[in-house]
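Have a look at the structure below before the remarks.
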Amino acid sequence: MILPAALMFSASVLIGSIPWAYLIVRAVAGKDITAHGSGNVGAMNVRRSTGSWAWFAVAVLADGSKGLLPTLYAKYAYADVGFLAPASSAGRYALLVQAAVLGAVVGHNYSLWLAVKNRRLRRTGKGLAAGGGALLAYDWRCFAIVLAVGILALAASRIMLVGQAAAAAALPLSSLVLRTSDLAFAIVLAAVVLAAHANRLRGLLQGREPRMYVDDGTGPRG
C-alpha cells in the first residue's frame, strides 16, 4: 500500500503544481502574478493583479479542481467510495485518498512547474482552494464545518487572514466533532496550510495585517 500511496501523492503533486493563477493573470493582464499583491499564486492574488472578481472566481474553481479531481479519482478507482461517503470509510484504501489530498496541497504550495520555469523551488501558494476542493471530495461534512468556521471568523474580524487561518485550524476540530478516524491526517493537513501562512500570522500578531486585503499594493507580501 505504501508504493501506490507514494505514486498517488506524486501524481497529485504534479496536478496541484499547475499554476492556474499564474497562467490566468499572464493571459488576461500580461503580468507576473508573483510581482503583485501578496506574491502568491492563488485566487485572491488574481483579484489583486487583475482587479476582477470574475477572474478570482475562475481561479478558485481552477485551483479547487486540482484537489477535487485527484481525490475523487482515488476514491472511485481504488476505494470505490461514493462522493458523499467519507474517505475514512474506505478502510485500508483511505491512505491512497489521503495521499491524493496532501499531494494536491503540497503541489499547489510548491509548484514544480514554476520551479522548473524559475529554476528554483519556492512557496507559490497557501493551499486553501486546492485543499478546499480536495476536502470537499474527501469528506463534505468536514468541508462544510471548515467553510462555516472560516466565514464566521472573517465576518467577525474583517481580516481575511483570520478567516483563512481559522478555516485551517478547524479541520482537526471537524474530525473530533464528526468522530472520524483520521484526526492525525487532519492535523497534518492543517499544519501544512498554517505553515504556509506563518509569515503573515506573525505580522497579524504584530498588528501589521490589513483588513480585507484585496487590492494590489495595499498589504504585505507573503
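Rule-based calculations on the coordinates, nothing more; no lab input. The structure presented is a predicted model; accordingly, all values stated were derived computationally and were not measured. We place every Cβ from the backbone using ideal geometry, glycine too, and count neighbours over all the protein chains shown.
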**Request:** Between residue 141 and residue 195, with labels modelled 7 Å along Cα→Cβ, what's the label distance in nm to one decimal, could you check?
**Result:** 2.9
**Request:** Add +1 for every Lys or Arg and -1 for every Asp or Glu among the other residues with Cβ under 13 Å from the Cβ of residue 215, and state the total.
**Result:** +2
**Prompt:** What residues qualify as long-range amide H neighbours of residue 81, i.e. H under 5 Å apart, gap of 5 or more or another chain, H built at 1.01 Å from N?
**Reply:** 76
**Asked** Where a Cα-Cα gap under 12 Å defines reach, which aspartates and glutamates qualify for residue 126, not counting those fewer than 8 residues away within the same chain?
**Response** 63
**Fill in**
Residue span residue 80 to residue 187: 0.36 nm per residue of separation minus Cα-Cα distance leaves a gain in nm of 36.0 nm
**Two-decimal Rg to Rh for the chain - Kirkwood Rh, Cα set** = 0.97
**Asked** Length gain on complete extension for the stretch residue 208 to residue 52, per 0.36 nm per residue less the alpha carbon to alpha carbon distance?
**Response** 53.6 nm
**Prompt:** What order do you get for 191-198, 99-106 when each peptide is scored by the mean count of other beta carbon atoms within 10 Å, highest first?
**Reply:** 99-106, 191-198
